[in-house]
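Undergrad: Let me begin by handing over the structure; questions about it come next.
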Amino acid sequence: MSANPSPTFEVKLPTLKSDDYVAYHGTNTLAIMTARDHGVTLPKTLNFTERTLLVYSEVVFLSSELIKIPGLNLGIFCNRLVLGLGRACIDVSGANGSSGTSDHIDGVGGGDAGSITLYVEDPSPDLVTNLTLKAYGGDGGRGFSQAVGTGAGGKGGGGGLCGMNFLLPYHFLALSSISRDMTALT
């Protein structure tokens, strides 16, 4: 893996000739907005420097079974969400902490999870069963153990939030706080 991988999304500001794609880089947010027919594709590896990625598109394609961005936030707002391989998992879980060493006996705490927000206007009937969202805090690292003493294990990271909103014909179904259990509101 190279030290500075190229960014997943090209930097392009709107112009009078073509304003069908905009990538806005804020301090902590990257917002992708497009009206392109082919929509936006999210590959397995997303390279961006901001803490939050927001995607606004008619169609969003998940081209891998696992989209993993540890500890970051992802918002997808679209008409259709297409799972390119039939199933997909979006994982924003925090990184695991490292174990203690003889120099530093305490384990390092796990990283906090990010959050996932989905708004899909026209979901496929099997989207809820074929899309998995994960936002778990990272595991704390093990403490170093030796004959003289034992280091403390690192604390686990804080869990994140996952939420999905689907606009269904004649019904509105909102699923929120899915990090550990699912609550349905009608």
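Undergrad: Quick one: what are the phi-derived ³J(HN,Hα) couplings along segment 93-107, Karplus 6.51/-1.76/1.60 with θ = phi - 60°, whole Hz, x for glycine and proline?
TA: Residue by residue, segment 93-107 yields 4, x, 6, 6, x, 8, 6, x, 10, 5, 7, 9, 6, 6, x Hz.
Undergrad: Out of residues 5 or more away from residue 119 or on other chains, whose amide H comes under 5 Å of its own, with H placed 1.01 Å from N in the peptide plane?
TA: 76, 77, 78, 165
Undergrad: Considering only protein heavy atoms and a 1.4 Å probe, what is the carbon-and-sulfur percentage of the accessible area of segment 77-126? Kindly include the intermediate steps, with their values, before the conclusion.
TA: Values: 1140 of 2440 Å².
Of the solvent-accessible surface of segment 77-126, carbon and sulfur hold 47 percent.
Undergrad: Within the set of other residues whose C-beta is less than 11 Å from the C-beta of residue 130, count the net charge using Lys and Arg as +1 and Asp and Glu as -1. It would help to have the intermediate numbers written out before the result.
TA: On the way: positive: 87; negative: 65, 126.
Local charge sum for residue 130: -1.
Undergrad: List every residue whose amide H lies under 5 Å from the amide H of residue 54, counting only residues 5 or more places away in sequence or on a different chain, with H placed 1.01 Å from N in the peptide plane.
TA: Distant-sequence amide H within range of residue 54: 30, 31, 32, 75.
The values are calculated or read from the model by the stated rules, or taken from the named source; none is laboratory data. Bear in mind that the values here come from a model prediction, so they are computed numbers and not experimental data. Every residue, glycine as well, gets a Cβ built from its backbone with ideal geometry; the counts of neighbours run over all protein chains shown. Ligands, DNA and RNA are stripped out before the accessible areas are found, and what is left, the full protein with its side chains, is counted by its heavy atoms. Shrake-Rupley method; radii C 1.70, N 1.55, O 1.52, S 1.80 Å.
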